[in-house]
Amino acid sequence: MANKISLPVIKRLPRYYRYVADLRREGVATVSSSELAEMLGTTASQVRQDFNCFGGFGQQGIGYNVDILSEELTKLLMGGSELSVILIGTGHLGRTMSHFLATEAPGYKLTAFFDKSPAEIGQRLEGLPIRDVENLPAFCKENQVDVAVLCIPEEEAAVLAPTLKHLGVRGFWNFSQYDLTFGEDVAVENVHLGDSLMSLGFRVRRGN
């Protein structure tokens, strides 16, 4: 797209996708910007502004056709070729994420697993062998890797991530507790499960 889409808009797209998918399963034919806004806890104006970033999907006074809106959101979030994914760190969290990626992440294709533990190397996970992390550079040079999922300690992520970027990885789903920061040419989602839990605890204790 000619205009750069802001990160807050991008962050809202998956929520739109989920809510609209639910409406479609329920057989709802149309939905208004006000109804979507209520679901998301935002305003009708914000919904319209978000969709206008992509040309707009509705008609004045009629609202949005749920089938068409669902298809358009699917194209935005999962359209085009599948993204090639590698996962590094096959402990408990890594295995959970691998199952999610293999079963519930359309638009992504798991291509390899890596670990440094001799007990893990050589085992199979989601039908693929777990490789020695020492072979990671060679694998990335021989295969296109779009996204790396990091389920490793923060000190390892701090060293490994720049190498992966140099090897052509364009996106990181990072569970390492280390905040990765790159330029605009690399997309990063730093996931801190503890942050979410602490925020929840704060709100419960304070009553907000």
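The values are calculated or read from the model by the stated rules, or taken from the named source; none is laboratory data. Quick caveat, the model's predicted, so the values are computed rather than measured. Cβ placement follows ideal geometry from the backbone for every residue including glycine, while neighbour counts extend to all protein chains displayed. With ligands, DNA and RNA removed, areas are computed over all heavy atoms of the protein, side chains included. Shrake-Rupley method; radii C 1.70, N 1.55, O 1.52, S 1.80 Å.
Count, please, the residues in the stretch 156-194 that happen to be of a type in the set (Ser, Thr, Tyr), open to solvent by 40 Å² or more (accessible area, probe 1.4 Å) and not in a helix (DSSP H, G or I). Write out each step before concluding.
Let us first name the residues in the stretch 156-194 that are of a type in the set (Ser, Thr, Tyr), namely 163, 176, 178, 181.
Then keep just the ones that are open to solvent by 40 Å² or more (accessible area, probe 1.4 Å); that gives 163, 178, 181.
Next cut, not in a helix (DSSP H, G or I) only: 178, 181.
Residues flagged as of a type in the set (Ser, Thr, Tyr), open to solvent by 40 Å² or more (accessible area, probe 1.4 Å) and not in a helix (DSSP H, G or I) within the stretch 156-194 amount to 2.
Entry remark, the stretch 72-92: residues being open to solvent by 60 Å² or more (accessible area, probe 1.4 Å) and either part of a strand (DSSP E or B) or modelled with pLDDT of 95 or more (or both) number 1 in total. Does GLY61 fit the bill of being in a loop (DSSP other than H, G, I, E, B) and either more than 25 Å from GLY107 (Cβ to Cβ) or at pLDDT 95 or above (or both)? When the stated conditions are applied, GLY61 passes them.
Working carefully through the options PRO129, PRO118, PRO106, find the one that is free of Cβ contacts under 8 Å to residues at least 24 places away in the same chain and open to solvent by 70 Å² or more (accessible area, probe 1.4 Å).
Numbers: PRO129 fails: open to solvent by 70 Å² or more (accessible area, probe 1.4 Å); PRO106 fails: free of Cβ contacts under 8 Å to residues at least 24 places away in the same chain.
From the options PRO129, PRO118, PRO106, the qualifying one is PRO118.
Can you tell me which residues in the stretch 23-33 are in a helix (DSSP H, G or I) and open to solvent by 70 Å² or more (accessible area, probe 1.4 Å)?
Filtering the stretch 23-33 down to residues in a helix (DSSP H, G or I) leaves 23-25, 33.
ARG24, ARG25 - these are the residues of the stretch 23-33 that are in a helix (DSSP H, G or I) and open to solvent by 70 Å² or more (accessible area, probe 1.4 Å).
Scanning the stretch 22-58 for residues that are among the basic types (Lys, Arg) and at pLDDT 95 or above turns up ARG24, ARG25. The set of residues from the stretch 106-148 being out of contact with any strand residue (DSSP E or B) (no Cβ under 8 Å at 6 or more places or on another chain), assigned to a loop (DSSP other than H, G, I, E, B) and under 30 Å from LEU77 (Cβ atoms) comprises PRO106, GLY127.
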